[in-house]
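In what follows, a structure is listed as structure tokens, so that the remarks can point back to it.
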Amino acid sequence: MDASVSLSRLKEGNARFVAGRLQQAVTPEDRARLADGQKPFAIVLGCSDSRVPTEMVFDQGPGGLFVIRVAGNVVAPSQLGSIEFAVMQFATPLVVVLGHTRCGAINATLEQLVDGKDPPSPNIASITGRILPVIQPLVEAAPGEKDQQARTRLSELAVRANIRAAVNQLGQSSPLLKERVDKGLLRVIGAEYSLASGEVAFLD
């Protein structure tokens, strides 16, 4: 399976999810088959938000997706290593960075930048610290805009900027992934999930 086929499967699955026509069900036979190995057709680096259940969003059962979830869908060494492992172990041809609207990690970073509100712990700061350089230029381009409408718009822009930055980081920070991208064996793209509609918009 190449990346275009994998992407089509994700789009078709999301269309079923949006329409409320999920097809996936797990049988004892499925579990027995998967016990012997896996061959995921796509890797998804997504946010930990409980409202974004990755497999359901794409209507995929066990064995279809290799999913890594972390608040803010940030790229840290453990996430990068997990993606490299799946790419090398299973020759998975597609990586999707899946962000979503109204992301709490994005909003926490905006509170830090705009309101001067420090993260409540060093561990949370390790997440917002990866997002901060990405969205700081957006904040600097809109100084003093603190009303709700402006903050909502800033959050929307920040979510997409963070997705695109993660895509770029995956393509540039890992020689292993970059080599496969350059050879046409791997595609890395971004996508945004709408909490309101359930639709996934792919950000080519």
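How large is ³J(HN,Hα) for each residue in the range 4-11, as worked out from phi by the Karplus curve 6.51 cos²θ - 1.76 cosθ + 1.60 (θ = phi - 60°), to whole Hz, x for Gly and Pro?
For the range 4-11, the Karplus-derived couplings read 5, 5, 4, 4, 4, 4, 5, 5 Hz, x marking Gly and Pro.
Tilt of helix 77-90 relative to the longest C-alpha principal axis of the chain, in degrees (0 to 90, nearest 10)?
So the inclination is approximately 20 degrees.
Please give the FRET efficiency for Thr152 paired with Gln24, using the beta carbon to beta carbon distance and R0 = 45 Å, rounded to the nearest 0.05.
After rounding to 0.05, the efficiency reads 0.85.
Place a point 7 Å from Cα of Ser194 in the direction of its Cβ. Which residues in the range 1-40 have their backbone N less than 15 Å from it?
14-20
Given R₀ = 45 Å, FRET efficiency for Glu111-Glu179 by Cβ-Cβ distance, to 0.05?
FRET efficiency, Glu111 to Glu179: 0.70.
Calculated FRET efficiency, Phe202 and Gln172, Cβ-Cβ r, R0 30 Å, to nearest 0.05?
With R0 = 30 Å, the Cβ-Cβ based efficiency is 0.90.
Given an 8 Å cut-off on Cα distances and at least 6 residues of separation, report the relative contact order of the range 3-202 as a percent.
25
Computed from the coordinates by the stated procedures, all read-outs in this text should not be read as laboratory data. Since this is a predicted model, take the numbers as computed values, not measurements. Quick reminder, even Gly has a Cβ in these numbers, built from the backbone with ideal geometry, and neighbours come from all protein chains shown.
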